[in-house]
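Have a look at this one before I ask anything.
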Amino acid sequence: MLMEKYALITGASRGIGRAIAQRLAAEGFHLYLTCRQSIEQLTTLSDALTKQYGISCMPFAADMGNPDEVARIFAQIPSLSVLVNNAGISYIGLLHEMSVADWQSVMHTNLDAVFYTSRLAIPLMLREHHGKIINISSVWGNVGASMEAAYSASKGGVNSFTRALAKELAPSGIQVNAIACGVIDTDMNSCFSAEDMEMLRQEIPADRIGQASEVAQMVLSLLNAPDYLTGQVIGLDGGWI
């Protein structure tokens, strides 16, 4: 008899997280989905996925940078085979003009949340001696971006966290990898003008902006990859960086 598959996807109400939820639902995963504010949108998605694919889907409104709210979610998760840390925010501006509150918000959401979810997911995976943790990162975590020091620092932390935790968990049969995304067509890039996006496109060897569905496809590829693949930060950027 096939084992039931359960996945937690953070930041799933739109963009990359939504695409990942749709792809995993199509693969028969039961889902736990989170968002920070768009609970109506997430509930609608959950209902649609349940109806279309016959899976169970539980939506949660929570700030994943708050350990108490993360603990509240995990109190309702008895089994977990996949954790996708996707929730994230950006900040564009000069560092000396950035407030302490804005810095902390980026770090809490992009980096601290990965710790909070992983530390609670690991015991559930250890019980089965199997599991996959996939962190959605950015090429800026590898090379840094001007005007995005906080975002780059947070994603650089995610990349190092991924490599270190993979070594810690490899003996237990749990794989930890990250996807370093380039420019993906999501709401996060809505702050850029059409001209800015066109300039970015011209820099990308693939000659186009990436799609959220392609990130979802890479997540599925990592779930189906050999267990020997762990501790990797895989670039998905059309050859850009």
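The values are calculated or read from the model by the stated rules, or taken from the named source; none is laboratory data. Everything quoted here is computed from the prediction, not taken from an experiment. Methodologically, a virtual Cβ is constructed for each residue, glycine included, from the backbone with ideal geometry; neighbour enumeration extends over all protein chains shown. Ligands, DNA and RNA are excluded from the accessible area calculation, which covers all protein heavy atoms including side chains. Shrake-Rupley method; radii C 1.70, N 1.55, O 1.52, S 1.80 Å.
Kirkwood hydrodynamic radius, computed over distinct alpha-carbon pairs, for the chain: how many Å, to one decimal?
18.1 Å
Show me, for the stretch 39-47, the HN-Hα J-couplings you get by feeding each phi into the Karplus relation (A = 6.51, B = -1.76, C = 1.60, θ = phi - 60°), rounded to Hz, glycine and proline as x.
My calculation for the stretch 39-47 gives 5, 5, 5, 5, 5, 4, 4, 4, 4 Hz in order.
Once the dipole of the stretch 147-215 is set up with Lys and Arg at +1 and Asp and Glu at -1 on Cβ about the Cα centre, which of Ile184, Ala150, Ile209 lies farthest towards its positive end?
Ala150
Which of the lysines could a cross-linker span from Lys155 if the Cα-Cα distance has to be under 20 Å and same-chain partners fewer than 8 positions apart are dropped?
Partners within reach: Lys132, Lys167.
Out of the total accessible area of the stretch 1-63 (probe 1.4 Å, heavy atoms of protein only), what percent is carbon and sulfur?
About 50 percent, which is the carbon plus sulfur part of the accessible surface.
Right, here's the next one. Once phi is turned into ³J(HN,Hα) by the Karplus curve 6.51 cos²θ - 1.76 cosθ + 1.60 with θ = phi - 60°, what whole-Hz value does each residue of the stretch 31-37 show in order, with x for glycine and proline?
10, 10, 10, 10, 8, 8, 10
Accessible area per residue, 1.4 Å probe, Å², for the chain: what's the number? List each step's numbers first, then the result.
Values: 11600 Å² over 241 residues.
Ligands and nucleic acids excluded, the figure is 48 Å² per residue.
Out of the total accessible area of the stretch 74-200 (probe 1.4 Å, heavy atoms of protein only), what percent is carbon and sulfur? List each step's numbers first, then the result.
Working: 3210 of 5610 Å².
After summing per-atom areas, the C and S share lands at 57 percent.
Can you grab the distance from the C-alpha centre of the stretch 168-241 to the C-alpha centre of the stretch 69-133, Å, no decimals?
If you average the Cα positions of each part, the centres end up 18 Å apart.
List the aspartates and glutamates whose Cα sits under 16 Å from the Cα of Lys51, skipping any in the same chain fewer than 8 residues away.
Lys51 reaches Glu27.
What Kirkwood Rh does the stretch 1-125 have if only Cα atoms enter the pairwise 1/r average? Answer in Å.
About 15.0 Å for the stretch 1-125.
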